Amino acid sequence: MGITPLAHAAFIVNIVESGGNVVVSGTGSLDITGLAAQCNPCGNIINSLYPSIALVTMGNPSGLGSVYNTVITGPVFGLGAETDTPIGTGSDVGIAAKLGQLYVPASYVSGSLVTSTSTYNSTTLAALGAVNGTYTYTWGSGVHADSLVINVATPESSSAPLTLAGLGGIALLMWKRRRAAPSAG
């Protein structure tokens, strides 16, 4: 299933189930101009998925990251408990919306491209409490306003178009059979 990101979002995160795992992938840029650095660099950012406080971080668990504080608006994307993973690639990046924190690679230059993934083995979105949908988080103002979008695609939502297509195909076959059948009379 293709997930269409919002046009204005600078960083897009997709969370999907794949092969018995949950995969989190993100790409884009973040505007951190004028934000207060909590630490730069901070050390390793722990890769986490915590839907009930809108926290998602991903990347190389042996990499270095930085934390910036700001006011972030946006919803939670579920009710689940936190899970951590040591399996990730790319730069440390993420958001803890309710904590007002952005996570970026150490010495990140505002507006630079960042790509990252993390895999949570042997779990499901349902087990993590993640809810299907698109969740937008914003911070900053004026020319430095920015956003991050999290797309959560549960297996039910990703298979719905296939189910509808299958039902449509069955209906078409039944209609063709009725047209081809000789009328009794």
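No value in this document is a laboratory result; all are computed from the given coordinates. Remember, predicted model here, so these are calculated numbers, not experimental data. When we count neighbours, we look across all protein chains shown, and the Cβ atoms used for this are built from the backbone with ideal geometry, even at glycine.
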Computed FRET value (nearest 0.05) for Ser141 with Lys98, which takes r as the C-beta separation and R₀ as 25 Å
0.80
For Ser66, other-chain or 5+-apart residues with amide H closer than 5 Å (H placed, Pro excluded) are Cys42, Val104, Ala106
Report the full-extension gain for the segment Ser52 to Thr83: residue separation times 0.36 nm, less the Cα-Cα distance, to one decimal in nm.
10.0 nm
Around Leu49 (Cβ within 15 Å, Cβ-to-Cβ, excluding Leu49; K/R +1, D/E -1) the net charge comes to -3
What does the net charge come to around Tyr137 if you take all other residues with beta carbon closer than 15 Å to its beta carbon, with K and R at +1 and D and E at -1?
-1
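Count the net charge of all other residues whose Cβ sits under 13 Å from the Cβ of Thr123, scoring Lys and Arg as +1 and Asp and Glu as -1. Don't skip to the end; give the middle numbers.
On the way: positive: none; negative: Glu17, Glu82, Asp84.
With Lys, Arg at +1 and Asp, Glu at -1, the neighbours total -3.
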